[in-house]
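One structure is given here, and the rest of the page talks about it.
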Amino acid sequence: MCGIFGIITNQEISVGKIALEGIKRLEYRGYDSCGIVTQYSSKLYIKKDAGKIDEIHKKIKLDEFPNGAKLALAHTRWATHGAPTKLNSHPHVDCHNKIAVVHNGILENFIELKEELQSKGHNFISETDTEIIPHLIEDYMENDLDFKNAVAKAIQRCEGAYGVAICHADYPNTIIAVRKESPIVVGIEEGNTSYCASDIPAFLPYTRTCYLLDDDEMAVLKPGSVEFFDVKDSNVPKKKAIQKIEWNIDAAEKGGYEHFMLKEIYEEPSALRRTLKISKDILKTFAKILWSAKNIYITAAGTSFYASLAGKFIITKFLDKYIEAIECSEFQIQLGDALKEDSVIIAISQSGETIDLIEAIRWAKEKLKNRVKVLSITNVVGSTLTRYSDHVILTQAGPEIGVAATKTYCTQVLTLGLVALEIADLRKILPDNEIEKYYDALRSTPDIIEDFLNNDIEILKKIVKNLEKTHNFFFLARGISLATAKEGGLKLKEIACRFIEGYSAAHAKHGPISLVRKDFPIIFIAPPDETYDRLVGNVMEFKARGGKIISLVVKSDKTITDLSDITIRINQPANKYYNLFSPITFIPALQLLAYFYSVDVGLDPDQPQNLAKTVTVH
Ligand code: G6P
């Protein structure tokens, strides 16, 4: 995944500076190289290199371009085709340096197109798939098409996923943006300036008025205005609805925190409070569909998949049906013809753009048409996932910039909790006052997290200081807390670069326990639920082998506390209502543990190596 940004204006402003700020706000999407192009006096001016934006800016002053430039395109890259080098960085140009393109996505047929263009004499200098786009456009323009129609023709030849923005040295008043499966949003400051970007925060300091481009649509940006076309019918403008963004730029800036990740963990209480207000109607719709489904699958990737594991556990408490959780990359291959009519798929994705998830859903829809329903939970309005879904719940986490998902995980689990309680309501399987107790527990999750964040985090810093940094370790749990263990382990892998495994405490006896030596750290996730007594046995097994026992427990805990070297304590009642939602209230401790660990070993938690926030490649 990469980040793209474009600006075109009639104002006396520095487009280079704004483009630089724009890609800084998109750096979470990729950070191995970057570049900016501006147009002035029928020439393109390009600056690009490999490295992080700040490093490159120090070297070559990325924002300094000829005064009077009125448009700029910028790109921050997460390499797919071709190593992160200066030559492979975007923008890419045609043979005559007239057409510049920035691209997010992957072109699947680029090899055959490249051969075709090379045979016509086009000269390629990078290893990227992107470079074919300016050459294709050049080719069509040499055959007498104007810029817009040449872009439309060229794009129709491209297979794969793309969000692209394009400018031309001889068209000072135009930027063209096109999308298929990779997001493009357009922002407008009426009459003055227009923007396009991979994500809204990139232009949020300037405007909250935007349009979401759909697949196979093309936006032709002029200063302060835009026209939309279907790629296949580039002569007839089409109407699109304006979106007004509710949140402001503070939501997407660090606001005094050292890192986005830390800020976003501290935003969890407010994100949960907003998500608790999801409309009853949509929750009811989800509940009814799940109740009448023959088969139910839940699918996602990464952190969203672990939210699915927690959610499936919570929902099955109130629904007498098994929910199969399948990683989205395995969905088609594992289900194949076993996916039958009247199935329901719950699809979960922070970004709504993860390509493996989109493909899984698309495959299911193509296979069974209307006989399969897709219920999706995502944080991004208008994302690709929403277009393939029958019903959508939007979590209210607000923008999440840190690459490692934190607040969105909590809001996903909470949303699934709300759906579960709606099912309980509908099925009347519990007395009303019993259901109300579950609701009370769910509604208390923001307060419990707030209390922990305000009072109890010093212990996490102490644990990090005392951990032997060369050690790997385990997060062990049973039942619903397995999701917490896996997500906690994932956070440490992602941002602290340690091999930490979230594993079943019972299953760990069948192999992993052989790794345990004196002082090998094991973190047990231990809410006082129905698995607690057996977990005590597991704690003893690992302690007997010299393991250093760290436990995550409720404040009143006694037994596991006595067996532990260190405890992390969550201030919540010890009863089944609160236990059911412990995946929400226990996870901040593990997110913060990963955060402090990452900072302690000198890593940047916001920009973990090799990762991108949204993965739009297979
Ligand atoms: C990437 C990110 C993870 C995220 C996963 C799924 O791997 O690095 O943090 O959990 O994608 O993303 P989604 O947007 O579908 O939830």
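The values are calculated or read from the model by the stated rules, or taken from the named source; none is laboratory data. As the structure is a prediction and not an experimental result, all values here were calculated from the model. So basically every Cβ, Gly included, is an ideal-geometry build from the backbone, and we count neighbours across all protein chains shown. Heavy atoms of the whole protein, side chains included, go into the accessibility calculation; ligands, DNA and RNA do not. Shrake-Rupley method; radii C 1.70, N 1.55, O 1.52, S 1.80 Å.
At a 10 angstrom cut-off on C-beta neighbours, averaged per residue, how do the peptides 394-402, 541-549 rank from highest to lowest? Provide the component values of the computation, followed by the final result.
Numbers: 394-402: 23.8, 541-549: 17.3.
With the highest mean Cβ count within 10 Å placed first, the list reads 394-402, 541-549.
How much of the accessible area of the chain, in percent, comes from carbon and sulfur atoms when a 1.4 Å probe is used? Write out the running numbers ahead of the final one.
On the way: 11320 of 23260 Å².
Whole-percent figure for carbon plus sulfur exposure: 49.
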Out-of-range pairs (alpha-carbon distance over 28 Å; input Lys312/Lys469; Lys180/Lys288; Lys465/Lys558; Lys437/Lys543; Lys86/Lys613; Lys43/Lys254) | Lys312/Lys469; Lys180/Lys288; Lys437/Lys543; Lys43/Lys254
Of Thr559, Ile56, His122, which is farthest on the positive side of the dipole of the chain, counting Cα position, with +1 on Lys and Arg Cβ, -1 on Asp and Glu Cβ, and the Cα centre as origin?
-> Thr559
From the Cα centre of region 489-535 to that of region 249-289, the distance in Å is 29
Region 93-101 - phi-based ³J(HN,Hα) in whole Hz, Karplus 6.51/-1.76/1.60, Gly and Pro as x | 10, 7, 5, 10, 6, 9, 10, 10, 10
Going 7 Å from the Cα of Glu190 in the Cα-to-Cβ direction, what parts of region 202-221 have a backbone nitrogen less than 15 Å from that spot?
-> 207-211
Long-range amide H partners of Asp216 with built H, under 5 Å = Arg179, Lys180, Glu181
The helix 481-496 Cα axis meets the longest alpha-carbon principal axis of the chain at an angle in degrees, between 0 and 90 and rounded to 10, of 50
According to a simple spin-label model (label point 7 Å from Cα along Cα-to-Cβ), what is the distance in nm between Ser119 and Glu530?
-> 6.6
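Which entries of Lys24/Lys263; Lys509/Lys548; Lys367/Lys428; Lys58/Lys493 have Cα-Cα distances beyond 23 Å here? Show your work: numbers first, answer last.
Values: Lys24/Lys263 17 Å; Lys509/Lys548 16 Å; Lys367/Lys428 35 Å; Lys58/Lys493 31 Å.
Too far apart for the 23 Å limit: Lys367/Lys428; Lys58/Lys493.
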Can you list, largest first and rounded to whole Å, the semi-axes you get for region 189-272 by taking the square root of 5 times each eigenvalue of its Cα gyration tensor?
-> 32, 14, 10
Using mean Cβ contacts within 10 Å as the protection proxy, how do 7-14, 31-38, 160-167 order, highest first?
-> 31-38, 160-167, 7-14
The value for the chain (convex hull of the alpha-carbon atoms, volume per residue, Å³) is 153
Here FRET efficiency (C-beta to C-beta, Asn109 to Val601, R₀ 56 Å, nearest 0.05) is 0.85
Just the Cα atoms of region 254-443: what Rg and Dmax do they give in Å?
-> 16.2, 52
What is the Cα centroid distance between region 395-464 and region 590-618, reported in whole angstrom?
-> 23
Which whole-number value in Å² is the accessible area per residue of region 452-604, probe 1.4 Å?
-> 38
If you line up the long axis of helix 15-25 against the longest principal axis of the chain, both from Cα atoms, how many degrees apart are they, to the nearest 10?
-> 20
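In debye, nearest 20, what is the charge dipole magnitude of region 452-604 about its Cα centre with +1 on Lys and Arg Cβ and -1 on Asp and Glu Cβ, if you could check?
Value, rounded to 20: 260 debye.
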Given a Förster distance of 51 Å, the FRET efficiency implied by the Cβ-Cβ spacing of Lys232 and Lys428, rounded to the nearest 0.05, works out to 0.50
What is the gain in length, in nm to one decimal, between Asp562 and Glu159 on full extension, counting 0.36 nm per residue of separation less the C-alpha to C-alpha distance?
-> 139.0 nm
What is the distance, in nm, between label points placed 7 Å from the Cα along the Cα-to-Cβ direction at Asp281 and at Asp447?
-> 3.1
Would you mind checking which residues have amide H under 5 Å from His81's amide H? H placed 1.01 Å from N; only 5 or more apart, or other chain.
-> Asp129
Mind checking which of Leu212, His103, Trp363 is farthest towards the positive end of the chain's charge dipole, using Cβ charges of +1 (Lys, Arg) and -1 (Asp, Glu) about the Cα centre?
-> Trp363
Which percent of Cα pairs goes in each bin when the distances of region 3-250 are cut into 10 angstrom slices starting at zero?
-> 8, 36, 40, 15, 1, 0
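Can you order the peptides 140-148, 348-356, 226-234 by their average number of other Cβ atoms within 10 Å per residue, highest first?
Details: 140-148: 15.3, 348-356: 27.0, 226-234: 17.0.
Packing proxy ranking, top to bottom: 348-356, 226-234, 140-148.
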What list of ³J(HN,Hα) values in whole Hz, one per residue of region 422-439 in order, does the Karplus curve 6.51 cos²θ - 1.76 cosθ + 1.60 (θ = phi - 60°) give from phi, with Gly and Pro shown as x?
-> 5, 5, 4, 4, 5, 7, 6, 8, 10, x, 3, 5, 5, 4, 4, 5, 5, 4
Among the Cα-Cα pairs of region 452-604, the proportion with separation greater than 24 Å, in percent, is 24
Whole-Hz ³J(HN,Hα) from phi, Karplus 6.51 cos²θ - 1.76 cosθ + 1.60, for region 270-281, glycine and proline x | 5, 5, 5, 4, 5, 5, 4, 8, 3, 5, 4, 4
Angle in degrees between helix 302-316 and the longest Cα principal axis of the chain, rounded to the nearest 10 = 50
With charges only on Cβ, +1 for K and R and -1 for D and E, what is the dipole size of the chain about its Cα centre, in debye, rounded to 20?
-> 1120
